[in-house]
Protein chains: 2
Amino acid sequence: MTTASTAPVFAALGDPHRQQLIMMLARGGAASASSLAPSLPVSRQAVDRHLRVLTGAGLLERRRSGRQVLYSVRRAELDRSADWLRELADGWDKRLSAIKESAEGTGQAPALEKNPTDK
Amino acid sequence: MTTASTAPVFAALGDPHRQQLIMMLARGGAASASSLAPSLPVSRQAVDRHLRVLTGAGLLERRRSGRQVLYSVRRAELDRSADWLRELADGWDKRLSAIKESAEGTGQAPALEKNPTDK
DNA sequence: TTGATCTGCAATGAAAGTGTTGCACTTTGC
DNA sequence: GCAAAGTGCAACACTTTCATTGCAGATCAA
């Protein structure tokens, strides 16, 4: 399964400035740190560091174009993380269904209160 | 639109231990910090703090049951974050389509290189 | 009431993240 | 070559996060 490999992606998306940057890139197309910086209340260097964090998480792509470096969105990684969330939610849904069924069968409160890890 | 309100959720999901905890809760049902702690290589207090972070992000629900406190998954918040990701990916897709269309019309490389924020 | 179990909270320290400034380097156009 | 524009990187301060230990308080069963 998709274990903890999505953690860096979520960590990267966990910063408001980085969210803003990736939204700007998704809507406006590829852009450089210098061109994005004026839209944020931080320095050009700080923006570049954020973009590198996003790139490191696999969410962005870097490529050189003349004297500037352009960042653009990598959709695959977005999809992967969305899938992880969906699987998590579905797992929880199955759990709820199983509990409901069990409750209907026995007529009493199910194993929700039970510890999954007794030692 | 869903702006930066999902940032705390992603930040909460950005830690491997917290991912592990929420997966355990989704699969095993509600549980307390004490019962979850033996499955992780950290102390009971550390686990409780992680669970509180997840709760603060809206991902978990706390309720008292006798002498223990049980945490369980709140599906709504998972869905909200998954939606945010999907919108982001879709936005990028639309952008790509527009570029492709523009390229077909003019017969040359489109605005991918252009800065969206000129100042 | 007593003892065992579980939670709540404070203090502490190590580590990582965020943002800044300053400067060097590369590329481009004249 | 020279200047302008853009990127790369290092040092620094500040804040936050992660995890620990220790102890107090609450709850339950006998």
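The values are calculated or read from the model by the stated rules, or taken from the named source; none is laboratory data. Computed from a predicted structure; not experimentally measured. With ideal geometry, Cβ positions are generated from the backbone for all residues, glycine too; neighbour counts draw on all protein chains shown. The protein model used for the area step is the full one, side chains on, heavy atoms only, and it has no ligands, DNA or RNA in it. Shrake-Rupley method; radii C 1.70, N 1.55, O 1.52, S 1.80 Å.
Key figures for this structure:
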item	result
Inter-copy spacing of A:Arg75 label points, which lie 7 Å from Cα along Cα→Cβ, given in nm from shortest upward	2.9
Contact surface A-B: accessible area buried, both sides summed, square angstrom, 1.4 angstrom probe	4400
Cβ neighbours within 10 Å from other chains - mean over A:7-19	6
Calculated label separations, A:Ala46, copies of the chain, 7 Å along the beta-carbon direction, nm	3.1
Pseudo-label separations to other copies for A:Arg63 - Cα-to-Cβ vector, 7 Å, nm	5.2
A:Glu61 - accessible surface, heavy atoms, 1.4 Å probe, Å² rounded to 10	100
Electrostatic dipole magnitude of the range B:7-74 [Cβ: Lys, Arg +1; Asp, Glu -1; Cα centre; debye, to 20]	240
Accessible surface of the range B:7-74 [probe 1.4 Å, protein heavy atoms]: carbon and sulfur percent	47
Amide proton proximity set for B:Val69, modelled H, under 5 Å, gap of 5+	B:Ala33
Shape of the range B:7-74, Cα gyration tensor, a/c cut at 1.5	oblate
Nearest-0.05 FRET efficiency for B:Gln45 and A:Ser43, computed from C-beta distance (R0 35 Å)	0.40
Positive dipole terminus of the range B:7-74, leading residue within B:Val9, B:Val47, B:Tyr71 (C-beta point charges)	B:Tyr71
